[in-house]
Ligand SMILES: [Zn+2]
């Protein structure tokens, strides 16, 4: 029987799921991607809690001599690793990189989120979204009310104007009224007394 006759599924290596998970858990706590020396336990990777300053020195000129310390030379200085990086992209690469994180005492391993944590995060994001929508709805509603009020105002104004126009028309056009008030219309005729 040649290898070709064997069922396809038998080609694949089988993993014991529990064993694999146990191994993964153990690996999580040990930073073993350093080939030199024994494995070291480091903290798990954590998100930055500060904003990276990339542009405070933008457009500024500095005189640099041989004795200028690295921190004051051009480029981006990392005080954790005491090195200068030439541009912002490489600086971001650097502070996100393994060497820098290691100098901060962290491995590149991240905390594995539990199902509950993921659920909580989803829940939180959902709430945030709803909150935003509510805010938006209120703003939208206020705007509508204001527009409605302005329409009513404009309508009233228009009506007032129309009434005034009608009143003016009747003053000019009603001969009895004109006679009563002692003058005739714009005919240029003589006054009646
Ligand atoms: Zn660094």
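General observations
- Matching option when the condition is closer than 24 Å to residue 48 by Cβ and in the same structural domain as residue 24 (by TED's automatic domain parsing), among 79, 125: 79
- Scanning the range 65-112 for residues that are in contact with a helix residue (DSSP H, G or I) (Cβ under 9 Å, 6 or more places away or on another chain), away from the ligand (no atom under 12 Å from the Cβ) and farther than 20 Å from residue 26 by Cα yields a single hit, 75.
- Any hit, the range 113-130, residues being in contact with a helix residue (DSSP H, G or I) (Cβ under 9 Å, 6 or more places away or on another chain) and within 16 Å of the ligand (Cβ to nearest atom): no
- Across the range 41-63, the qualifying residues are those that are surrounded by 10 or more Cβ atoms within 10 Å (Cβ to Cβ) and in contact with a helix residue (DSSP H, G or I) (Cβ under 8 Å, 6 or more places away or on another chain), and the one among them that is farthest from residue 93 (Cα to Cα) is 42.
The values are calculated or read from the model by the stated rules, or taken from the named source; none is laboratory data. Note that the coordinates shown come from a computational prediction; the quantities given were computed from them, not determined experimentally. Glycine also receives a Cβ, built like all others from the backbone with ideal geometry; neighbour counts cover every protein chain displayed.
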